[in-house]
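The structure appears below as structure tokens.
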Amino acid sequence: MTSVLVVEDDPTIRTSLIEILTAHGLLVRSAPDGFGALREVTQWQPDAVVLDLGLPDLDGADALRMIRGLSQVPVLVATARDDEREIIDLLNAGADDYLVKPFSGGQLVARLSAVLRRCAVGAGALEAGEAGPAGGAPGVDRAPVVAGELRIDPMARTVHLAGRELGLTRREFDLLAFLARNAGRVISKRQLLAEVWRQPYVDEQTVDVHLSCLRRKLGERASRPRYLHTVRGVGVKLVSPL
Ligand code: CA
């Protein structure tokens, strides 16, 4: 059973979130503040966290960083402010996705399922329903690409980091392979949607979510990247660390 920690100080909202998630078959626990959340993340080790940013004891972004310091659990942030800069900062601080309040139960469940699915770890895990339009990796060359300790083999569709195979989803693989073939070049999210997703009109947030999962599997953070460097307002580039 998938377990979810709901972090929310408002008792009415908290109760309603718990009801919605429980009704969808999730095992739910809650915390009313940031320190309670940190305790649950450490002790209960939920599969995902829904984190309200307006908490009484900790600034939401700080709570997020502290959770990230303890765990790689997927975090879905609920924010009251629809502020692009703040949202980018949250994604850079380790949020996997976000919802802007007020949101519906349907939105919550959809985003949460997507985060859980995208971050599902496991060698060779494929994302059901996310197959590329042509059934294959779009435009991938056949020769292996090496960048630092990263080795990407398009034929075998495997990625090794320092000799260890990473369990990437199909989309994460295509994204990483595309960035690696264009190493050193800044690629915009629009361009990634067009080249990797082949769906230029999909929300750019999709790219952020996949980059966030990919970063985690590469063992790095947006704030201290080794391979995947965000160029704010422009896009992302893969660099070969020295
Ligand atoms: Ca609140």
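Against the condition part of a loop (DSSP other than H, G, I, E, B), within 12 Å of the ligand (Cβ to nearest atom) and either more than 17 Å from the chain's Cα centre (by Cα) or touching a residue at least 40 places away in the same chain (Cβ under 8 Å) (or both), how does residue 82 come out, does it pass? For residue 82, the condition - part of a loop (DSSP other than H, G, I, E, B), within 12 Å of the ligand (Cβ to nearest atom) and either more than 17 Å from the chain's Cα centre (by Cα) or touching a residue at least 40 places away in the same chain (Cβ under 8 Å) (or both) - is not met.
Each residue in segment 53-70 was checked for being touching a residue at least 40 places away in the same chain (Cβ under 8 Å) and surrounded by 16 or more Cβ atoms within 10 Å (Cβ to Cβ), and 3 of them qualify. When both residues are 6+ apart or on different chains and their Cβ atoms are under 8 Å apart, which pairs have a first residue that lies in segment 104-115 and is on the phi < 0 side of the Ramachandran plot, and a second that is of a type in the set (Val, Ile, Thr)? Between residues of segment 104-115 that are on the phi < 0 side of the Ramachandran plot and residues that are of a type in the set (Val, Ile, Thr), the close pairs are 105/20; 108/20; 108/50; 109/20; 112/4; 112/50; 114/209; 115/209.
Restricting segment 194-222 to residues that are of a type in the set (Lys, Arg) and under 16 Å from residue 75 (Cα atoms) leaves a set whose member that is surrounded by the most Cβ atoms within 10 Å (Cβ to Cβ) is 215. Take the conditions touching a Ser or Thr at 6+ places or on another chain (Cβ under 6 Å), within 14 Å of the ligand (Cβ to nearest atom) and not in a strand (DSSP E or B) and apply them to residue 14. Does it pass? Taking the combined requirement at face value, the residue satisfies it. Among the residues in segment 94-107, are any within 15 Å of the ligand (Cβ to nearest atom), among the hydrophobic types (A, V, I, L, M, F, W, C), part of a helix (DSSP H, G or I) and closer than 25 Å to residue 217 by Cβ? Scanning segment 94-107, I find no residue that is within 15 Å of the ligand (Cβ to nearest atom), among the hydrophobic types (A, V, I, L, M, F, W, C), part of a helix (DSSP H, G or I) and closer than 25 Å to residue 217 by Cβ, so the answer is no.
Looking at 90, 116, just one residue is touching a strand residue (DSSP E or B) at 6+ places or on another chain (Cβ under 9 Å), of a type in the set (A, V, I, L, M) and open to solvent by 20 Å² or more (accessible area, probe 1.4 Å), and that residue is 116. What residue, among those in segment 35-52 that are charged (D, E, K, R), within 22 Å of residue 108 (Cβ to Cβ) and out of contact with any Asp or Glu (no Cβ under 8 Å at 6 or more places or on another chain), is surrounded by the most Cβ atoms within 10 Å (Cβ to Cβ)? Applying the filter and picking the extreme gives 40. A search for C-beta distances below 8 Å between a residue of segment 39-52 that is within 16 Å of the ligand (Cβ to nearest atom) and any residue that is not aliphatic (A, V, I, L, M), counting only pairs 6+ apart in sequence or on different chains, returns 49/74; 50/8; 51/60; 52/8; 52/9; 52/10; 52/60. Out of 51, 64, 58, one residue alone is of a type in the set (A, V, I, L, M, F, W, C) and at pLDDT 95 or above. It is 51.
Whenever a residue of segment 15-33 is free of Cβ contacts under 8 Å to residues at least 40 places away in the same chain, its partners that are open to solvent by 40 Å² or more (accessible area, probe 1.4 Å) and of a type in the set (A, V, I, L, M, F, W, C), lying with C-beta atoms within less than 7 angstrom and at least six residues away or across chains, give the pairs 27/1; 28/18; 29/44; 30/18. Restricting 5, 21 to those that are crowded, with 21+ Cβ neighbours inside 10 Å, away from the ligand (no atom under 16 Å from the Cβ), closer than 18 Å to residue 109 by Cα and not acidic (Asp, Glu) reduces the list to 21.
Scan segment 94-105 for residues that are within 17 Å of the chain's Cα centre (by Cα) and open to solvent by 20 Å² or more (accessible area, probe 1.4 Å) and the total you get is 2.
The values are calculated or read from the model by the stated rules, or taken from the named source; none is laboratory data. Since this is a predicted model, take the numbers as computed values, not measurements. Cβ coordinates were reconstructed from backbone atoms using ideal geometry, including for glycine residues, and neighbour counts include every protein chain displayed. Each accessible area value is taken on the protein alone, full model and side chains, heavy atoms only, with ligands, DNA and RNA left out. Shrake-Rupley method; radii C 1.70, N 1.55, O 1.52, S 1.80 Å.
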